[in-house]
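One structure below.
Bear in mind that the values in this text are calculations on the coordinates, not laboratory data. Predicted model only: the values in this text are computed from it and were never measured.
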Amino acid sequence: MHSYDEPVYMISIVSRVLEVHPQTLRQYEREGLIAPGRSSGKVRLYSQRNIDEIKLVLRLTRDLGVNLAGVDAVLKLKRQIAQLEAENEELKRRLANVNEHGSVVPGKQVVAAKERKIVVVDLGE
């Protein structure tokens, strides 16, 4: 079994499975909507992640009538949300680590961690 990100599918297979013309897939690549891998011979190879991204593009364009510029904006926002969620999880992990190790004075609580600075507030005890 191949990993989710391993490029293994040729353009002819992807176009047939998704019922889309190969030129459409090439256009999506030119527009920067997808980024298939390349073999040593420069043949486009798509991963399962690429296929899922193409399915999203097709759903947005076919079902919702979004143009390619709109799809690009949606994909950029989606990536930004994923990045912010990852940063949020890292901050939660760091906050839990600080609270777990008793680095905060009793009666106070860490409420924010930003740019490697931790904000501590008095709980008013």
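Note on the range 1-75: Kirkwood radius taken over Cα pairs, Stokes-Einstein applied at 4 °C and 1.567 mPa s, translational D equal to 103 µm² s⁻¹.
For the range 29-41, backbone phi angles converted through the Karplus equation (6.51, -1.76, 1.60; θ = phi - 60°) give residue-by-residue couplings of 5, 4, 6, x, 7, 9, 9, x, x, 9, 7, 4, x Hz, Gly and Pro being listed as x.
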